[in-house]
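Novice: My questions all concern the structure below.
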Amino acid sequence: MASTQPAIEVRDLRKSYGELEAVRGIAFRVDRGEIYGLLGPNGAGKTSTVEILEGYRARSSGEVSVLGFDPGERTRELRARVGIVLQSSGIYSHATVLEVVAQFASFYPHPRDVDEVIELAGLGEKRADRTRTLSGGQRRRLDLALALIGDPELIFLDEPTTGFDPAARRGAWQTIRSLRELGKTVLLTTHYLDEAQELADRVAIIKGGRILAEGSPSELGVGRGSRYRVAYANGDGEPTVVETDDPTALLHELTGAALARGERLHSLSVTRPSLEDIYLELTADA
Amino acid sequence: MPSDLTLLWRQYRFERRLFWRNRSAAFFNFLLPLIFLALFGAIVHGHQNELDVIVPGIAGMSVMSTTFTALAYNLTFLREQGVLKRIRGTPLPSGVYLGGLALNAVTNTAIQIAIVVVAGRVFFNLGWPPQPLTLAVFVVAGVTAFALLGAALSHAIPSFDSAPAVVNGVFVPVILISGVFFDVKHVPGFLRNIAQALPLEPLINGLTGGLVAHHGGLAKHLTALAVIGVWAVFGAVLAVRGFSWEARRS
């Protein structure tokens with residue numbers, strides 16, 4: 001029964017701060033074992049949405065269910081079953097990595113093995129060091145270790161790689177993918193397209209407190225009537241771009257005409273719009 | 001799920017361990033009252049009347065600095081660093097977490113009061129506290145009121161950078177007018193009236209009863225106890241109402 005229930009279900013969620021409507025009727029569901037990405041520019045309403053799901057904020061209206069619980073009630077049982085990685089959060093600076101992880105383990109009814117989690121987060125060599133000696137990337141890995149120590153079913157990752165260098169990002173992505181292998185559900189917010197494309201099974205693009213598009217990263221590329229783009233250089237070497245819903249027919253026509261004239265089509269390419277194109281199109285200010 | 005009491009005990013022990021690890025904080029916490037006692041002991045050497053004022057004064061200051069000052073700093077720091085928010089996302093009950101912080105502070109109070117009592121006996125000819133019950137009641141009342149007021153003050157501190165200015169801006173004038181270093185009867189009337197309406201002067205008043213012979217038992221200090229009680233209620237209301245788990249966004 002529990003496994004058929006979605007991990008997260010949101011219906012017509014709204015959140016206002018005084019006059020400002022940060023979230024204006026959002027709906028989505030995240031299935032168990034899925035990595036779901038909320039993608040959008042800063043101020044889109046991502047963090048408000050996630051913080052309502054995490055139980056940090058009260059919603060103005062709408063229905064929200066997280067693992068079958070209303071997060072607004074801040075049930076202890078729910079908090080024992082989710083792990084949260086916030087954008088930035090401090091930790092006991094005089095304690096060692098091992099001490100902090102062990103202390104957090106004691107909060108949970110069925111924690112994972114402390115050493116195992118430290119290894120999983122890639123902090124094995126730092127276990128006896130004080131947390132204030134950690135680098136920025138190591139600190140984020142400690143955040144992840146603290147989110148995983150309670151063996152949560154669902155993990156919230158808010159901008160997990162902001163401020164990382166490229167190598168650290170790759171490492172973090174690898175860790176996040178390993179969460180999927182553990183059968184965890186992940187709700188990820190990011191403003192990096194490549195991150196959403198790399199990690200998420202499905203993505204919702206948010207802007208202005210609304211979901212503008214939703215689907216798998218590849219679906220978002222082809223769905224919604226979006227077009228193929230055929231680019232080539234004609235006989236004069238002039239670059240030409242044509243958009244079409246039917247690239248087969250267009251190519252047949254173009255190549256036929258070129259052959260008839262005895263020309264070659266230089267630099268011929270057929271591309272589908274990437275998630276990036278969709279994102280830029282959707283989030284562009286009118 | 002571990003019981004709340006087990007969690008509280010673990011959290012308390014963790015806070016204690018980290019407290020001792022921060023050497024400079026631990027050093028100042030325990031050496032400062034001793035330095036004050038030594039200095040004033042030297043200044044008023046041989047004047048028992050003045051020693052009878054200084055020792056309870058330093059005891060009162062110790063209660064205020066270990067609870068009010070320490071919690072106003074700590075809660076601001078923990079809030080601005082995001083520690084409070086992180087803890088709030090775990091199954092650790094908020095009350096247990098805050099209880100651990102408060103018990104940690106109260107432990108420091110107990111240690112400092114013990115230092116003052118022993119120093120009073122050994123160096124200042126005060127003997128053991130003649131009214132231990134009065135001493136205990138006022139320490140408990142003072143700790144409660146000042147811990148709550150410290151938590152309340154942290155809500156008014158917008159960032160950790162501004163914490164020393166705000167906290168000392170309250171702490172220093174209050175210890176000066178409340179008769180920590182001299183008998184409050186030497187203070188001008190209007191200031192004395194203010195001091196008597198604030199919680200520290202009544203606390204020192206009651207501690208004097210507990211620590212110095214012939215200053216009366218609990219019954220003689222009930223008004224002082226009532227004033228502290230009113231401040232405790234006031235502090236509780238403000239501490240709960242303004243509580244924020246998150247860093248201020250400006």
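Novice: Please pick out the residue among A:VAL186, A:VAL230 that is in contact with a Phe, Trp or Tyr (Cβ under 8 Å, 6 or more places away or on another chain), among the β-branched types (Val, Ile, Thr), in contact (Cβ under 8 Å) with a residue 12 or more places away in the chain and at negative phi. Before you say what the answer is, go through the steps one by one.
Specialist: Working: A:VAL230 fails: in contact with a Phe, Trp or Tyr (Cβ under 8 Å, 6 or more places away or on another chain).
Answer to the selection: A:VAL186.
Novice: Does B:ARG21 meet the test of being within 14 Å of another protein chain (Cβ to nearest Cβ), buried (at least 16 other Cβ atoms within 10 Å of the Cβ) and farther than 15 Å from B:GLN112 by Cβ?
Specialist: Working: within 14 Å of another protein chain (Cβ to nearest Cβ): yes; buried (at least 16 other Cβ atoms within 10 Å of the Cβ): yes; farther than 15 Å from B:GLN112 by Cβ: yes.
Spelling it out, B:ARG21 is indeed within 14 Å of another protein chain (Cβ to nearest Cβ), buried (at least 16 other Cβ atoms within 10 Å of the Cβ) and farther than 15 Å from B:GLN112 by Cβ.
Novice: Picking from B:ASN49, B:ASN104, B:ASN125, B:ASN108, which residue would you name as being out of contact with any Phe, Trp or Tyr (no Cβ under 7 Å at 6 or more places or on another chain) and buried (at least 20 other Cβ atoms within 10 Å of the Cβ)?
Specialist: On the way: B:ASN49 fails: buried (at least 20 other Cβ atoms within 10 Å of the Cβ); B:ASN104 fails: out of contact with any Phe, Trp or Tyr (no Cβ under 7 Å at 6 or more places or on another chain); B:ASN125 fails: buried (at least 20 other Cβ atoms within 10 Å of the Cβ).
From the options B:ASN49, B:ASN104, B:ASN125, B:ASN108, the qualifying one is B:ASN108.
Novice: Quick check on my filter: what residues within the range A:164-198 are in a strand (DSSP E or B) and farther than 22 Å from A:ARG81 by Cα?
Specialist: Start the filter on the range A:164-198 by keeping residues that are in a strand (DSSP E or B), which leaves A:185-190.
Correct list: A:THR190 only.
Novice: Scanning for something more than 14 Å from chain B (Cβ to nearest Cβ) and out of contact with any strand residue (DSSP E or B) (no Cβ under 7 Å at 6 or more places or on another chain), does the range A:22-31 turn up at least one residue?
Specialist: Looking through the range A:22-31, at least one residue is more than 14 Å from chain B (Cβ to nearest Cβ) and out of contact with any strand residue (DSSP E or B) (no Cβ under 7 Å at 6 or more places or on another chain).
Novice: Okay, next question. Which of the residues spanning the range A:80-101 are without any contact (Cβ under 8 Å) to a residue 40 or more places away in the chain and surrounded by fewer than 18 Cβ atoms within 10 Å (Cβ to Cβ)?
Specialist: Across the range A:80-101, the qualifying residues are A:SER88, A:SER93, A:HIS94, A:THR96, A:LEU98.
Novice: Can you find even one residue in the range B:54-75 that is crowded, with 18+ Cβ neighbours inside 10 Å, within 14 Å of another protein chain (Cβ to nearest Cβ) and part of a helix (DSSP H, G or I)? Can you show your working first?
Specialist: Let us first name the residues in the range B:54-75 that are crowded, with 18+ Cβ neighbours inside 10 Å, namely B:54-75.
Checking which are within 14 Å of another protein chain (Cβ to nearest Cβ) leaves us with B:74-75.
Checking which are part of a helix (DSSP H, G or I) leaves us with B:74-75.
Scanning the range B:54-75 turns up at least one residue that is crowded, with 18+ Cβ neighbours inside 10 Å, within 14 Å of another protein chain (Cβ to nearest Cβ) and part of a helix (DSSP H, G or I).
Novice: Hey, among A:GLY37, A:GLY33, which residue is surrounded by 14 or more Cβ atoms within 10 Å (Cβ to Cβ), touching a residue at least 12 places away in the same chain (Cβ under 8 Å), of a type outside the set (D, E, K, R) and assigned to a strand (DSSP E or B)? Full working, then the answer.
Specialist: Working: A:GLY33 fails: assigned to a strand (DSSP E or B).
Going through A:GLY37, A:GLY33 in turn, the sole match is A:GLY37.
Novice: Turning to a different aspect of this structure: Could you tell me whether the range A:106-129 includes any residue that is hydroxyl-bearing (Ser, Thr, Tyr), surrounded by fewer than 19 Cβ atoms within 10 Å (Cβ to Cβ) and either within 14 Å of chain B (Cβ to nearest Cβ) or touching a helix residue (DSSP H, G or I) at 6+ places or on another chain (Cβ under 8 Å) (or both)? Can you show your working first?
Specialist: Start the filter on the range A:106-129 by keeping residues that are hydroxyl-bearing (Ser, Thr, Tyr), which leaves A:106, A:108.
So of that shortlist, the ones also surrounded by fewer than 19 Cβ atoms within 10 Å (Cβ to Cβ) come out as A:106.
Add one more test, that the residue is either within 14 Å of chain B (Cβ to nearest Cβ) or touching a helix residue (DSSP H, G or I) at 6+ places or on another chain (Cβ under 8 Å) (or both), and what stays is A:106.
Taking every residue of the range A:106-129 in turn, at least one turns out to be hydroxyl-bearing (Ser, Thr, Tyr), surrounded by fewer than 19 Cβ atoms within 10 Å (Cβ to Cβ) and either within 14 Å of chain B (Cβ to nearest Cβ) or touching a helix residue (DSSP H, G or I) at 6+ places or on another chain (Cβ under 8 Å) (or both).
Novice: Quick one: which helices (runs of 4 or more DSSP H) lie wholly within the range A:63-139 and hold at least 3 residues that are under 26 Å from the mean Cα position of the chain (by Cα) and not hydrophobic (A, V, I, L, M, F, W, C)?
Specialist: Working: elements: A:76-81, A:97-105, A:114-120.
Once the helices (runs of 4 or more DSSP H) in the range A:63-139 are filtered for at least 3 residues that are under 26 Å from the mean Cα position of the chain (by Cα) and not hydrophobic (A, V, I, L, M, F, W, C), what remains is A:76-81.
Novice: What's the number of the only condition in (1) outside any helix (DSSP H, G or I); (2) touching an Asp or Glu at 6+ places or on another chain (Cβ under 8 Å); (3) more than 29 Å from B:LEU225 (Cα to Cα) that B:LEU126 fails to meet?
Specialist: (3)
Novice: Keeping to the range A:46-58, report how many residues are more than 9 Å from chain B (Cβ to nearest Cβ), of a type outside the set (S, T, N, Q) and within 22 Å of the chain's Cα centre (by Cα).
Specialist: 6
Novice: Checking A:THR133 against (1) touching a residue at least 12 places away in the same chain (Cβ under 8 Å); (2) away from every other protein chain (no Cβ under 13 Å); (3) of a type in the set (Val, Ile, Thr), which test does it fail?
Specialist: With respect to (1) touching a residue at least 12 places away in the same chain (Cβ under 8 Å); (2) away from every other protein chain (no Cβ under 13 Å); (3) of a type in the set (Val, Ile, Thr), A:THR133 is out only on (1).
Novice: It is to be established whether one or more residues within the range A:1-9 are within 14 Å of another protein chain (Cβ to nearest Cβ) and surrounded by fewer than 17 Cβ atoms within 10 Å (Cβ to Cβ). Give the steps one after another, and end with the answer.
Specialist: Let us first name the residues in the range A:1-9 that are within 14 Å of another protein chain (Cβ to nearest Cβ), namely none.
No, the range A:1-9 contains no residue that is within 14 Å of another protein chain (Cβ to nearest Cβ) and surrounded by fewer than 17 Cβ atoms within 10 Å (Cβ to Cβ).
Novice: Suppose the filter is over 21 Å from B:PRO93 (Cα atoms) and at the interface with another protein chain (Cβ under 9 Å from one of its Cβ atoms); does A:SER61 pass it? Even if it seems obvious, please write down each step before you answer.
Specialist: On the way: over 21 Å from B:PRO93 (Cα atoms): yes; at the interface with another protein chain (Cβ under 9 Å from one of its Cβ atoms): no.
When the stated conditions are applied, A:SER61 does not pass them.
Novice: Would you confirm whether or not the range B:28-35 contains a residue that is crowded, with 18+ Cβ neighbours inside 10 Å, under 20 Å from the mean Cα position of the chain (by Cα), in a helix (DSSP H, G or I) and away from every other protein chain (no Cβ under 14 Å)?
Specialist: We begin by selecting, within the range B:28-35, every residue crowded, with 18+ Cβ neighbours inside 10 Å; these are B:29, B:33.
When the remaining residues are screened for being under 20 Å from the mean Cα position of the chain (by Cα), the result is B:29, B:33.
Then drop every residue that is not in a helix (DSSP H, G or I), which leaves B:29, B:33.
Narrowing further to those that are away from every other protein chain (no Cβ under 14 Å): B:29, B:33.
Yes: the range B:28-35 contains one or more residues that are crowded, with 18+ Cβ neighbours inside 10 Å, under 20 Å from the mean Cα position of the chain (by Cα), in a helix (DSSP H, G or I) and away from every other protein chain (no Cβ under 14 Å).
Novice: Additional query: Any residue at all in the range A:210-220 that's farther than 30 Å from A:GLN5 by Cβ and surrounded by 14 or more Cβ atoms within 10 Å (Cβ to Cβ)?
Specialist: If we filter the range A:210-220 for residues that are farther than 30 Å from A:GLN5 by Cβ, which is where we start, we get none.
No, every residue in the range A:210-220 fails to be farther than 30 Å from A:GLN5 by Cβ and surrounded by 14 or more Cβ atoms within 10 Å (Cβ to Cβ).
Novice: Looking at the range B:76-86, which of its residues are more than 8 Å from chain A (Cβ to nearest Cβ) and either without any contact (Cβ under 8 Å) to a residue 40 or more places away in the chain or under 15 Å from B:THR144 (Cα atoms) (or both)?
Specialist: Of everything in the range B:76-86, nothing turns out to be more than 8 Å from chain A (Cβ to nearest Cβ) and either without any contact (Cβ under 8 Å) to a residue 40 or more places away in the chain or under 15 Å from B:THR144 (Cα atoms) (or both).
Novice: Which of the following residues is within 29 Å of B:PHE243 (Cα to Cα) and within 14 Å of chain A (Cβ to nearest Cβ): B:GLY100, B:GLY169, B:GLY142?
Specialist: Details: B:GLY169 fails: within 14 Å of chain A (Cβ to nearest Cβ); B:GLY142 fails: within 14 Å of chain A (Cβ to nearest Cβ).
Criteria check complete, one pass: B:GLY100.
Novice: If you don't mind, there's one more thing I want to ask. One residue is enough: does the range B:220-228 have a residue meeting the conditions farther than 30 Å from B:ARG79 by Cβ, among the hydroxyl-bearing types (Ser, Thr, Tyr) and more than 14 Å from chain A (Cβ to nearest Cβ)? Working first, answer last.
Specialist: Within the range B:220-228, the subset farther than 30 Å from B:ARG79 by Cβ is B:220-226.
Adding the requirement that they be among the hydroxyl-bearing types (Ser, Thr, Tyr) leaves B:223.
Adding the requirement that they be more than 14 Å from chain A (Cβ to nearest Cβ) leaves B:223.
The answer is yes, given that some residue of the range B:220-228 is farther than 30 Å from B:ARG79 by Cβ, among the hydroxyl-bearing types (Ser, Thr, Tyr) and more than 14 Å from chain A (Cβ to nearest Cβ).
Novice: Applying the selection to the range A:65-79, what residues are surrounded by 19 or more Cβ atoms within 10 Å (Cβ to Cβ) and within 11 Å of another protein chain (Cβ to nearest Cβ)? Please lay out each step first, then the result.
Specialist: Filtering the range A:65-79 for residues surrounded by 19 or more Cβ atoms within 10 Å (Cβ to Cβ) gives A:66-67, A:71, A:78-79.
Within the range A:65-79, A:PRO71, A:LEU78, A:ARG79 qualify.
Novice: In the range A:88-104, what residues are among the polar types (S, T, N, Q) and facing another protein chain (nearest Cβ under 9 Å)? Explain how you work it out, then say what you get.
Specialist: Residues of the range A:88-104 that are among the polar types (S, T, N, Q), as a first pass: A:88-89, A:93, A:96, A:103.
Matches in the range A:88-104: A:SER88, A:SER89, A:SER93, A:GLN103.
Every number here is computed from the coordinates shown, using simple stated rules; none is lab data. Small disclaimer: the values here were computed from a predicted structure and weren't measured. Ideal geometry is used to build each Cβ from the backbone, glycine not excepted, and the neighbour counts take in all protein chains shown.
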